[in-house]
Structure formats: structure tokens, C-alpha cells
Amino acid sequence: MIIGKDIIEQHNKNEVENFNSDFAYLSDKLTKSGSDVAEIVNKIADFQVAIPSWALGAGGTRFGRFSYGGEPAVLEQKLDDVGLLHALTHSAGAVSLHIPWDIPSDVSALKESAASHGLIFDAMNSNTFQDQPDAKHSYKFGSLNSVNEDSRAYAVEHNKEVIRIGKELDSKSLTVWLADGASFPGQLNFQTALSNTEKSLKEIYAGMPEDWKLFIEYKPYEPNFYSTTIQDWGTSFMLANACGDRAFTLVDLGHHLPNTNIEQIVATLMYKGKLGGFHFNDSKYGDDDLTVGSIKPYALFLIFNELVYGMENNKNNPYPAWMIDASHNIKDPLEDLLQSLEAILIAYAQALLVDQKALKEAQLNNDVVAAQDILQNAYRTDVRPLLKAARLQTGAALDPITAYRSLKVRETLISERGWAKATGL
Ligand SMILES: [Mn+2]
């Protein structure tokens, strides 16, 4: 299924009147308070988030999967689904592949298909957290950190293979997330595990082309429940520094212990120019991988406030690679991703409204009440008309979920593809 611009234009006609009056009101209000509305709308229109190939099927990851029907059975169909999201929102202009689930059989056809949807291939993801059916060595007791030299070498070689595939697709980065750790005290020597991991990452880094970046993701626990070798941002930061200038830390929102001050971690990493990648999701308890903004929207706003500050002030930090990393089993995965994209752009737009000058002044005067008010003024603004203005500008749907439903996208996908389950998770 392909959604053409004309179909979206037709759909927007029904909603443009309401939009016009909402936008006029907000635009007037923001202009009076000193915001450059056109610039904010342009920034929202430019913001692109990568969709991971594993989020397009009905997820559920560790537990049961309840198929939604019309799931993409092959890589080409996964790209088509991201193409649908991009057509509806114009903010999902990239796809993030996972090897070995997404090994392309025909690279040039896949690149052609991506180009036709206006998509690029963002960070490649390796997988050394499970054994493949034809595996020559096991990752049961670790991969890059393993005490077994063969397993370590096998995991390094897998990452090099992912880089080779990524090069063919014009990707420019590799994300490494490791499940490596221990479930019981005494199982691992912490220092040996860390030293093995550092050596393995350096080998992978040395195998990257000059214009590639390495993103090192961290996570405190799960699937190992006693220790994870790369457990926190500090460990990731240390390893990135050991690898070199093109290695960075990747922050995944769900990979923190409850109540961690993630916005402060973002600020600390950007201060040192080491925040390379960012995975969006939301959680109540652990790595729940829920829809972005569904549980803690204010926390998301505070994080974006630091990201916006960092993008403006830390020129030594590269522009971060954004990706949604969520997966669950009770929503239509495409509707879920549309909701996530909306939440991300809302938080971004709110952060763009923060009066940085007034905030700085309040901080210099230790005016705590004013500082809080400045942040919450921005947070409590309904910025949705700004998102709609950006979509209208780029030819996307004013209300993507309404459009998705009225265009009967899921029904069409089911009739085209049947009830096959997506590959991957
Ligand atoms: Mn992640």
C-alpha cells in the first residue's frame, strides 16, 4: 500500500478549518511572548526519527505475541511500513535495521525502495544476545565480554559483518547493545569482563570506516539480573573514550533504574560531546518499551529541554541519532509508532518554547519559583497546532492517526499480506 500526496491533501481538507483557527490563536500568543513561530515550525518539520525494523510487527518481546494481521513478513515490507509512517507524518524519514533479522537479499532493490519512500538507513544494530540456529559459538555466557576467546572473536566478527552490510546501504553508524553480564554473584570477574569488552569494542571500532560512528548502549539489568557489564552511562562513556573520537554513548530511556535523573545524564554527556544516540520509549517500572510519552510526558519534556540546550550550546556534540525503541503486544504497531512520533515532537516543540534568556536570568538570581514557572509555562502550552503546521508544510496528514484509520491502512495491509507474523522479535 502506498499513500500518495493527493490522498493526504484530500484528507486534510476536512480538518484544515479547525487547524487554521487553532494555529492563528497559538501563533499570535507565542509571537507576542517573543517566539519565532516560523522558525519553530521549521525545526519541527526537520526533526526525523528512525523507526527500527523490529517495531513494525506485534511485539511483546519476552512474552506472548498476539498477531495484528498484515505484519511485514520480509524486509521489503518493513520498509514499506516505515514508508507509510513517513507519508503520514513526514517525521519518520529513516529506518534502523537489525542483523541478522534484516539481511538484505538484494541491496540495490532495497536502496531503491528506501529512496522511493524518502528513507535513509540510520544506525545498524548487531545482535549478540541470542544464538542463531547455525551459530558456531555460543553467547550463553556472554559475547564481547566472554571468558571464551572463540565466542568473543565470533561476536566481534558479527559486528564487522553488520558494518559491511551497513556500508552497502550507506548507513553511517553501528549501535552495540550487549546483554552480557551475570545472573549470580561470583559468576564473572567484573574487571576481566570489562577488560574483555573494552578490547572487543576497540577491535570493532578499528573495523569501522572513517566516517562511521559507534554508539555504545547501556542497561542496568535484564536479561542478567545480578550485573550487566555495561550497566550505566559512566561505563559506556569510559568505553567510548577508550575507543576514540567517533565512539559515543547511547541513551535508551528505558535503560535506567526507577527515578534516575535522565535529563542530567543527557546534559553531562552533551557537555563532553559524547551523546551519540537516543532511543525513545516509556516505562513505569523497568525496560517496559511502552509508547513514548504514555507514562511520563513531563520527564520527556525535561529531557528534551536538555537536548535542545545541548544542540544549541554544545557544538562539540554531534547531532544525535534519534530512534524509537518500543515494542508491545496490544496496540496496532503502526498506530503505536504514530503516537510515539507525536509525543516526541510535542516534547521537542515544548522545549523549543522555553524562554532560555529568562531562565538564565532566573537561575542567576536564584529565583527558583520563576525558573520552575518558565519550564512549566512551556510544558503547559498545547503545541499541537505547531506540529500540524509543520505537517501541512511538508505535505503530511494533519492528524496522522485519524488519516490512518479513515484510509483503512491496517485493513488494506491484512488483505495484501494476510496473517503472517513479522520476522524478528
Ligand atoms: Mn535501545
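Where a number appears in this text, it was derived from the coordinates with a stated rule and is not lab data. All of these numbers come straight from a predicted model, not from anything done at the bench. Reconstructed Cβ throughout: ideal geometry from the backbone, glycine too, with neighbour counts over all protein chains shown.
Of MET270, MET238, MET1, how do they rank once you tally other Cβ atoms within 10 Å and put the fewest first?
Lowest count first: MET238, MET1, MET270.
Let me make sure I get this right: for segment 5-417, a, b and c are the square roots of the gyration tensor eigenvalues over alpha carbons, sorted descending. Under 1.5 in a/c it's rounded, otherwise prolate if a/b > b/c, else oblate. Which is it?
oblate
Please list, by residue number, every one of the chymotrypsin sites (Phe, Trp or Tyr not before Pro) in segment 65-172 that is coil in DSSP and has at most 11 other beta-carbon atoms within 10 Å.
PHE66
Among GLY276, MET323, LEU337, pick out the residue whose Cα is farthest towards the positive end of the charge dipole of segment 254-349, where Lys and Arg carry +1 and Asp and Glu carry -1 on C-beta, about the Cα centre.
Sorting the options by dipole projection puts first GLY276.
Work out how much length LYS315 to TRP419 would gain on full extension: take 0.36 nm times their residue separation and subtract the Cα-Cα distance, in nm to one decimal.
32.6 nm
Between LEU257 and ILE2, take the C-beta separation as r, use R0 = 41 Å, and let me know the FRET efficiency to the nearest 0.05.
0.40
Going by the alpha-carbon gyration tensor, a ≥ b ≥ c the square roots of its eigenvalues, is segment 130-252 rounded (a/c under 1.5) or, if a/c is not under 1.5, prolate (a/b greater than b/c) versus oblate?
In terms of gyration-tensor shape, oblate.
What whole number of Å gives the distance from the Cα centroid of segment 381-407 to the Cα centroid of segment 284-355?
So the two Cα centres are separated by 17 Å.
Rank GLN48, LEU30, PHE121 by how far each Cα sits towards the positive end of the charge dipole of segment 1-134 (+1 on Lys, Arg Cβ; -1 on Asp, Glu Cβ) and give me just the farthest.
After comparing all options, I get LEU30.
Ranking request for peptides 354-366, 86-98: highest mean number of other beta-carbon atoms within 10 Å first, then the rest in descending order.
Per-residue mean Cβ counts within 10 Å order the peptides as 86-98, 354-366.
Under unit Cβ charges (Lys, Arg +1; Asp, Glu -1), what dipole magnitude, rounded to 20 debye, does the chain have relative to its Cα centre?
Charge dipole, the chain, about its Cα centre: 300 debye, nearest 20.
What ranking of ILE401, ILE262, ILE44, ILE216 emerges when the number of other C-beta atoms within 10 Å of each C-beta is taken as an exposure proxy, fewest first?
Ranking ILE401, ILE262, ILE44, ILE216 by Cβ neighbours within 10 Å, fewest first, gives ILE401, ILE262, ILE44, ILE216.
For GLN376 and PHE66, what does the FRET efficiency come to when R0 = 56 Å and r is the distance between their Cβ atoms, rounded to the nearest 0.05?
0.90
For the chain, give the share of DSSP beta bridges that are antiparallel, in percent and rounded to the nearest 5; count only bridges with both residues there.
Bridges in the chain that DSSP calls antiparallel: roughly 10 percent.
Which residue, VAL383, GLY70, SER138, has the largest displacement toward the positive end of the dipole of the chain when charges sit on each Cβ (Lys, Arg +1; Asp, Glu -1)?
Farthest towards the positive end: SER138.
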